[in-house]
Amino acid sequence: MPKGRRFVAAFFEQPYQSGSFPDMFFVILSEFNATVHVESGFGISEDLHIQGMVDYKYKVDESFYYKANLQVTDMSFYFTSTEEITLFCYHVLVNRGEGYLALPIETLSTKYIVVTHIDNTTSPDPELPYTKKTQTAFLIIATETNTQVNISLKIQGPLMAGGCGSGTFFNGESRTFTLNKYQTVGAYCAEDITGTLITSDKPVAVISGHNMKYSTRVKDGMQEMLLPVKSFGRSFYLPEPPPSTGGAIYRVVGSKASTSVRSPSVSGISFSVGARESHDITVDSTTGPVYIEADKPVLVVQMTIGTPSLAIVPPTSLYSSSYDIGKPVLHPTYDLKKMYITVIVPTDKVLGIRPQIFPQFKVIKGSCFSEASVELTSPGFYRLTHVDDFPFGAMMYMFPYSDSRCVYTHPAGMNLTNDVDKTACPASTVCSDGTPYPCSCTSGYFEYQCSDTSGGCAVDPCQYSSGCTDLKNLYQCGCVNGTGGAHCETDVIDSCANNSCANGSCVDQLESYSCNCTAGYRGSLCEIDINECATNPCVHGTCVDHVNNYTCDCEPGYTDKNCNTDIDECATNPCVHGTCVDHVNNYTCDCEPGYTGLNCNTDIDECATNPCVHGTCVDHVNNYTCDCEPGYTDRTCSTDIDDCASNPCVNNGTCVDIIDGR
């Protein structure tokens, strides 16, 4: 990230007229309260108390800039913080100046390629003669003691004889210096020194630019802290800067021999650069923005034309998912007149940017990315994030006085946390160097995997849209109300936010909503309880309505949910000695002979009628027997036994029968 706990910084001279002294500011941003200690080799040592989420402006003496030329000095600043901070450095003059993003010490390295730019315009201004005061420059700041630094100078242009260091250091020569911790060495040069190589045995910071570059309208400074060669990238978005800048020259600097650079969508942009060689691409209102790819790592810097400034262009591999930025007040009598932020986001991720301050995005033809710009209207702290923690790019354009007099440009930040050496493109279908989007490297370029956007409006890419507008290397969908996304593909207004489904869930629709009702309810707001008894489901009972249900109070003798089943009263086998006959809410028993009662469980007393005339009745099931008195017989003991039947009387006696022989 651009955030860190340790930083070094320095400024080179910015020529100024008598009575117009420069100011030098550091803008410090932190999410949390922090104590920042600032020191210098020339006597500064103090603690700064930073309030979280508030931009802090720290002003230093206007004379604390590098005044030497190829001499080691202590003219640098170094910061240590209790919390991670973002550090912006600004050199401010009336109607001119420049700023840069400081890189944390842990992201610095040992190899850099200087980038500057110079015009061939002489000026009648007697106070600022072209070859004496307006010069390209570089500064080197050591981060460790006993650092060996080598400078291999490369000068290009018509004034090569002018050299650097007041004409003591010439094209093709090398110089070696030993720097202790936080010491600085630099040079002022009469010409463009792009391609100058700086190497060291320990990490250093390098700042380069132009102390006062002339344009057709104004003169202004250009400063930027450079990326080390290990952080160069292979795919870049080159935005069109705000119109008042007059466009920009994007300088592409190679790190390796025979580097091929192309634009997938802009015809005519295809070239090669060698190690430490450069090629310029102009981007303005006539060309529109450009997306480029290289087969080997390159550095790209932006140099605005009409109002000069210098800015590193982050490769897509260094995009971050969050940025802390500030809109500071840089002059005691001036607020920033204007400040713009341009973001570059993968096209299908544009809706994740927070805060949602950006207008409709424009799709970059032939790439996976879209861009949008917005003016920040209030001074203070801003935090840009992506809700899905997805990387995106961000550039800052600051106009302190008026948008036609000067501009400060620099990246809002870069993700250098897991930065690795990108010296080769892996020959695989998955890129492994931290690129922020799925891609293939089989061709040697980062060929991002996404929908083909090169057709622009011709392929009718816009969905919920009032129309598509083709622009230079871009196209823009005009989204109808309630839609968003680069292709107006998403309903971005939550129509459910102020609408309530009484008994159901709300379904957001384009400028409308609908309710998915909970079972048992109906109506546009699910406000009506459905009467499940309306169909009279209870056959032999009374219906009671419930939510998404009903119950039946059944009439006696019926059961089941709809009271449609006659209860079988015989199911419990109530007839003990008989056959059960079921009825509605009742039953009867057909009793076996000898039994009676509701359940045939009563034995009939066959002796109840006293059937035994001369005897005692003994009851049985469906029967009886009689124990007859002596002298009687038959079933009911009603027959007198004929005792004479056996002719008991002999000798011609006559037998007279009596009861039991008596």
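What follows is calculated from the coordinates using simple rules that are stated; it is not laboratory data. Because the structure is predicted, anything quoted here is derived from the model rather than measured. We place every Cβ from the backbone using ideal geometry, glycine too, and count neighbours over all the protein chains shown.
Structural remarks
- Note on the chain: the C-alpha convex hull projects to 57.1 nm² when averaged across all orientations.
- Modelled spin-label separation between A645 and D605, with each label point placed 7 Å from Cα along the Cα-to-Cβ direction: 3.3 nm.
- Once the Cβ-Cβ distance of R522 and T551 is raised to the sixth power relative to R0 = 25 Å, the FRET efficiency obtained is 0.75.
- Amide H within-cut-off set for G221, under 5 Å, with H built and near neighbours excluded: G97, K213
- Spin-label model, N146 to E592: label points 7 Å out along the Cα-to-beta-carbon direction sit 12.0 nm apart.
- Alpha-carbon gyration tensor eigenvalues x 5, square-rooted, for segment 501-628, Å: 68, 10, 8
- Normalised contact order of the chain, rounded percent, pairs of Cα under 8 Å and 6 or more residues apart: 9
- With the highest mean first, a sort of the peptides 360-373, 640-653, 169-182 on other beta-carbon atoms found within 10 angstrom per residue produces 360-373, 169-182, 640-653.
- Counting 0.36 nm for each residue step from V387 to I658 and taking away their Cα separation leaves a gain of 84.7 nm.
- Among the trypsin sites (Lys or Arg not before Pro) in segment 267-355, those located in a DSSP loop and surrounded by at most 14 other Cβ atoms within 10 Å of their own Cβ are K337.
- Size of charge dipole - the chain - debye, nearest 20, with Cβ of Lys, Arg +1 and Asp, Glu -1, no other charges: 7920
- Coupling constants for segment 608-619 follow from the phi torsions by the Karplus curve (6.51 cos²θ - 1.76 cosθ + 1.60, θ = phi - 60°), and in residue order they are 4, 8, 6, x, 8, 5, 10, x, 9, 7, 10, 6 Hz; glycine and proline get x.
- Modelled this way, with points 7 Å down the Cα-to-C-beta line, the labels at T168 and R6 are 3.2 nm from one another.
- Scattering curve values for segment 192-335, log₁₀ I(q)/I(0), Debye with Cα scatterers, q = 0.18, 0.20 Å⁻¹: -1.18, -1.39
- Derived scalar couplings ³J(HN,Hα) [segment 565-579; Karplus, 6.51 cos²θ - 1.76 cosθ + 1.60; whole Hz; x for Gly, Pro]: 10, 5, 5, 7, 5, 7, 4, 8, 6, x, 7, 5, 10, x, 9
- Residues whose placed amide H lies under 5 Å from that of C628, excluding near-sequence neighbours: T616
- Among 197-206, 582-591, the order from most to least packed when residues are scored by Cβ within 10 Å on average: 197-206, 582-591
- Under 5 Å, built H, 5+ apart or other chain: amide partners of N415: Y319, S320
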